[in-house]
Amino acid sequence: MTLSRIEAFNLRKEFGSIVAVENISFTVETGEVLGFLGPNGAGKTTTMRMLTGYLRPTRGDVSICGINMLANPVKAKACIGYLPEGAPLYPEMTPATLLRFTGQARGLGGKELENRMDETADLVNLREVWNQSIETLSKGYKRRLGLAQAILHNPEVLILDEPTDGLDPNQKQEVRLLVRQMAQSKAIIISTHILEEVHAVCTRAVILASGRIVADGTPVELESMASDHNAVTILLPTTGASQFAEKLEKIPTVSAVKITPEGEDRCIVQAFPSRGSLILTQVTDLIREQNLNVLELRQEPGRLDEVFRNLTIPTTDPAYGGQA
Ligand SMILES: Nc1ncnc2c1ncn2[C@@H]1O[C@H](COP(=O)(O)OP(=O)(O)OP(=O)(O)O)[C@@H](O)[C@H]1O
Ligand SMILES: [Mg+2]
């Protein structure tokens with residue numbers, strides 16, 4: 001039996017009377033990128049700090065590459081690369097001196113350290129600022145340097161707290177690509193507030209709210225929890241649209257139909273399937289039968305932002321009109 005690269009078991013963290021994390025369990029294997037999603041204060045950073053041995057859990061256990069973090073922290077930490085939130089770095093050093101220092105602290109030296117520093121500098125595009133003092137670096141370069149120190153020793157496990165935060169759009173793309181490439185040989189956890197990143201990077205995601213896991217699944221599984229999952233959206237001229245909508249309503253697997261005007265003489269007709277049904281074929285058959293002039297047609301995958309919102313906003317919150 002192979003041991004999971006990352007294993008969290010019933011983690012709980014209290015800060016005085018605040019319970020920041022409660023009963024969190026999951027595993028991550030090599031080849032997986034697990035996304036941590038959740039509103040501010042949900043417990044993402046606190047969980048990551050416990051996984052990396054930076055914070056001691058009030059209760060529960062962490063094991064990294066089969067090594068228990070609480071019993072054997074030095075050995076467990078050697079398998080981890082960690083990009084902390086905000087990437088604290090020594091301001092008076094330069095990327096070159098900081099990476100040499102962290103490499104040595106990780107037990108690298110000689111030609112191996114030189115090679116790893118060279119490779120890492122290229123992977124995260126640090127050459128331009130290689131000998132510039134860290135305090136004068138822009139936010140994005142500091143973030144990239146944080147990522148560089150996390151991957152320098154080529155660890156089996158990577159824990160990255162908002163790795164694309166503060167990066168420009170091109171760098172965001174580069175870092176997502178890098179994370180995907182590295183995932184082939186590593187187990188990775190990233191936290192993010194960018195929901196598109198889940199599709200772009202993650203093989204699986206957990207949504208945290210008030211310190212607990214409220215959803216855990218692949219991006220597609222999470223999207224399928226949305227109310228418009230597999231709904232069919234049709235853009236067509238207003239003439240004939242209401243007649244078409246009436247016919248759609250008669251399809252047994254269609255649960256609801258909505259018409260929304262779109263500009264002067266067009267409208268959007270949306271047909272929602274009853275739970276678990278696929279209606280695309282019936283809808284296209286009807287369009288053909290009616291010989292309708294359809295301008296656009298698509299089947300909705302489901303909106304992750306809606307799923308996120310429903311799971312993380314209490315339904316009774318008056319600030320949101322009491323709606324999920
Ligand atoms: N050292 C601490 N002392 C007291 N409370 C803390 C401490 N660290 C975190 N908390 C609290 O724990 C909760 C979870 O915080 P955490 O930083 O883990 O959230 P997060 O999901 O990372 O949020 P964000 O998206 O803003 O980064 C918050 O209520 C926070 O105020
Ligand atoms: Mg955080």
Any residue on another chain or 5+ positions along whose placed amide H is under 5 Å from the amide H of Gly81 is listed here as Val157, Leu158, Ile159
Karplus-derived 3J(HN,Hα) from phi for the range 59-66 (6.51 cos²θ - 1.76 cosθ + 1.60, θ = phi - 60°), whole Hz, x at Gly and Pro, runs 8, x, 9, 10, 10, 10, 6, x
Residues meeting the amide H criterion for Arg59 (H placed from the backbone, H to H distance under 5 Å, 5 or more places apart or on another chain) are Arg12
Taking every other residue with Cβ under 13 Å from the Cβ of Thr102 and scoring Lys and Arg +1, Asp and Glu -1, one gets +4
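Below 13 angstrom from the Cβ of Ala187, what's the summed charge of the other residues (Lys, Arg +1; Asp, Glu -1)?
It works out to a net charge of -1.
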When Met182, Met50 are arranged by how many other beta-carbons sit within 10 Å of their Cβ, fewest first, they go Met182, Met50
Longest principal axis of the chain (C-alpha) makes with the long axis of helix 139-151 (C-alpha) an angle, in degrees to the nearest 10, of 70 degrees
What helix-only [θ] at 222 nm does the chain give? Using -39500 (n - 2.57) per DSSP H run of at least 4, over all residues, to the nearest 500, the answer is -9500 deg cm²/dmol
Projected onto the charge dipole of the range 232-300 (unit charges on the beta-carbon of Lys, Arg, Asp and Glu, signs +1, +1, -1, -1), the Cα from Ala271, Leu235, Gln290 with the largest positive-side position is that of Ala271
A correct Karplus calculation of ³J(HN,Hα) over the range 241-249, with 6.51 cos²θ - 1.76 cosθ + 1.60, θ = phi - 60°, whole Hz and x for Gly and Pro, returns 5, 5, 5, 4, 4, 4, 5, 4, 4
Counting only DSSP beta bridges fully inside the chain, the antiparallel percentage to nearest 5 is 70 percent
Taking Cα pairs closer than 8 Å and at least 6 residues apart, the relative contact order of the chain in percent is 18 percent
The range 1-45 scanned against label point 7 Å out from Arg56 along Cα→C-beta; backbone N under 16 Å for 12-16
Note, the range 292-302: 3J(HN,Hα) by Karplus (6.51, -1.76, 1.60, θ = phi - 60°), whole Hz, Gly/Pro = x, goes 7, 8, 8, 8, 8, 8, 8, 9, 7, x, x
Pseudo-spin-label distance Asn40 to Gln290, built 7 Å along Cα→Cβ, given in nm, is 4.6 nm
Taking every other residue with Cβ under 12 Å from the Cβ of Gly146 and scoring Lys and Arg +1, Asp and Glu -1, one gets 0
If one compares the long axis through the Cα atoms of helix 169-182 with the longest principal axis of the Cα atoms of the chain, the angle in degrees, nearest 10, works out at 70 degrees
For the range 1-107, shape from the Cα gyration tensor axes a ≥ b ≥ c, cut at a/c of 1.5 then a/b versus b/c, turns out oblate
Treating only Lys and Arg (+1) and Asp and Glu (-1) as charged, each at its beta carbon, one finds that the chain has a dipole about its Cα centre, in Debye to the nearest 20, of 980 debye
Convex hull around the C-alpha positions of the range 6-223: the volume in Å³ per residue is 119 Å³
In nm², the average projected area of the convex hull spanned by the Cα atoms of the range 232-300 is 4.1 nm²
Expected sort for 217-227, 193-203 on mean C-beta neighbours within 10 Å, highest first, is 193-203, 217-227
For Val254, the residues 5 or more places away or on another chain with a placed amide H closer than 5 Å to its own amide H are Ser274
To the nearest 20 debye, the range 232-300 has a Cα-centred charge dipole, built from +1 on Lys and Arg Cβ and -1 on Asp and Glu Cβ, of 240 debye
Any lysines whose Cα falls less than 25 Å from that of Lys75, other than same-chain ones fewer than 8 residues away, would be Lys13, Lys44, Lys111, Lys186
Taking N as the residue count of the range 172-324, its alpha carbon Rg divided by 2.2 N^0.38 Å gives 1.29
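Computed from the coordinates by the stated procedures, all read-outs in this text should not be read as laboratory data. Model, not experiment: these values are computed from the prediction. Here Cβ is always computed from backbone atoms with ideal geometry, including for glycine, and neighbour counts include all displayed protein chains.
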